[in-house]
Amino acid sequence: MGKATQDLRKEHDSILHVLKIMDKMISADTKGDNTKPQYYNELVYFLKIFADKCHHGKEENFLFAELIKKGVPNEGGPVGVMLKEHNLGREYIALMNKALESKDLTEFNTAAAKYRNLLLSHIEKENNVLFVMADQLLDEDMQDKLYQDFEQHEESVIGHGVHEELHSMIHKWSEKFEV
Ligand SMILES: [Fe+2]
Ligand SMILES: [Fe+2]
């Protein structure tokens, strides 16, 4: 496994952890406790910055671009499917955001469940199909180069301070919701 795909798999683990936390947040009985919207807002912030901007940005701008150069089909092929799913994920996040603004928690739960289902199958496809292909097609030098591009992307999109903040958010949630 190359350095670049390994980095993305590690991020998948963090995203999967957050999706489990999200399920627990939604099912938690918080009657008489008005903290849910605040947690949901933090969650949407995490999904926007970490899952979408940082992680999907690394895939789209660097890994997928390289795979297309190596002949992996975009439209009508595996890369095109992944890109479509990223866009669908963005739509679901926008719906979650809208539901929070109008304080409609039922609407939020519906959009969150769609997002969770989409991401679970998306991550499984990347881990078991696309990244396996990438490990076969990209040599070690290319994986190292992509990893450096990832680091730079992360620094320019979220910066070191925010990265730490996001990880401490996960830590706080996992203590509160015991996941
Ligand atoms: Fe992806
Ligand atoms: Fe991914």
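Each value in this text was obtained by applying a stated rule to the coordinates, not by laboratory testing. For clarity, every value in this text was computed on a predicted model and none was experimentally measured.
If you project the alpha carbons of the stretch 132-179 onto their three principal axes, what span does each projection cover, largest first, in Å?
Result, largest extent first: 42, 26, 12 Å.
Counting every Cα pair in the stretch 5-98, what percent are over 20 Å apart?
More than 20 Å apart: 46 percent of the Cα pairs in the stretch 5-98.
So for the chain, averaging the separation of alpha carbon pairs under 8 Å that are six or more residues apart and normalising by length, what relative contact order in percent results?
Dividing the mean separation by the residue count of the chain yields 40 percent.
Treating the Cα atoms of the chain as identical point scatterers in vacuum, please give the log10 of the normalised Debye intensity I(q)/I(0) at q = 0.10, 0.17 Å⁻¹, two decimals.
Those come out to -0.41, -1.08, one per q.
Using the Cα atoms of the stretch 82-179, I'd like the radius of gyration and the largest Cα-Cα distance, Dmax, both in angstrom.
Answer for the stretch 82-179, Rg first and Dmax second: 17.1, 49 Å.
Over the stretch 48-129, what relative contact order in percent results from Cα pairs under 8 Å that are six or more residues apart?
22
Rule-of-thumb check for the stretch 1-60: C-alpha Rg over 2.2 N^0.38 Å?
1.37
If the cut-off is a Cα-Cα distance under 22 Å, which lysines reach Lys36, setting aside same-chain residues fewer than 8 apart in sequence?
The qualifying lysines are Lys20, Lys24, Lys48, Lys98, Lys103, Lys114, Lys172, Lys176.
Test of understanding: in a Gaussian network model of the chain with alpha carbons linked when under 10 Å, which of Met96, Met133, Met22 would top the mean-square fluctuation ranking?
Met133
May I ask for the angle, rounded to the nearest 10°, between helix 78-101 and the longest principal axis of the chain, with both axes built from Cα atoms and the value confined to 0 to 90°?
20
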